[in-house]
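The values are calculated or read from the model by the stated rules, or taken from the named source; none is laboratory data. These numbers come from a predicted model, not from an experiment. Just so you know, the surface numbers come from the protein's heavy atoms only, side chains and all, with ligands and any DNA or RNA stripped out. Shrake-Rupley method; radii C 1.70, N 1.55, O 1.52, S 1.80 Å.
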Amino acid sequence: QLQLVESGGGLVQPGGSLKLSCATSGFTLDYYTIAWFRPAPGKEREGVSCINTSGSTNYANSVKGRFTISRDNAKNTVYLQMNSLKPEDTGIYYCAAAIGFTGLLSWNYNYWGQGTQVTVSS
């Protein structure tokens, strides 16, 4: 019943911007931490950013100052604003939900979307 659907990915040149959306249903978003993950060499998932029930956020060092996560509980949607994009940001971005946890450890998240492709290339 819990569902997360990502959108907003695409092809962008280095230095460009994209805004990803994670639309949720089947649960009360207010009670969950939502995070964004992407593949990384040697890892199934790398934590990019998360936002908890109080609005506190975490970011991977590689995206600090460039990405911003936000939440609109009324719309049941979490966003990831991605600025100053680099080729190394390329990958499939997944959103995930956790209750009782916060942070960027993928194994704390039980509910996952199917991902949206982000490609940064000139």
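Working with all protein chains in place, sort ASP89, ASP30, ASP72 by solvent-accessible area computed with a 1.4 Å probe, largest first.
Sorted descending by solvent-accessible area, the residues read ASP30, ASP72, ASP89.
Treating cross-link reach as a plain straight distance, find the lysines whose alpha-carbon is under 21 Å from the alpha-carbon of LYS64, omitting any fewer than eight places away in the same chain.
Leaving aside lysines fewer than 8 places away in the same chain, those within reach of LYS64 are LYS19, LYS43, LYS86.
How much of the DSSP bridge set in the chain is antiparallel, in percent, rounded to the nearest 5? The partial results should precede the final answer.
Details: 36 of 39 bridges.
The antiparallel proportion sits near 90 percent.
Checking a compactness column here: for the chain, what do you get for Rg(Cα) / (2.2 N^0.38 Å), N being the number of residues?
The chain yields a ratio of 0.97.
For the chain, with all protein chains present and a 1.4 Å probe, just round the carbon and sulfur fraction of the accessible area to a whole percent.
The value for the chain is 46 percent carbon and sulfur by accessible area.
Could you identify which residue out of THR28, THR90, THR53 has the top mean-square fluctuation in a GNM of the chain using Cα springs shorter than 10 Å?
Ranking THR28, THR90, THR53 by mean-square fluctuation puts THR28 first.
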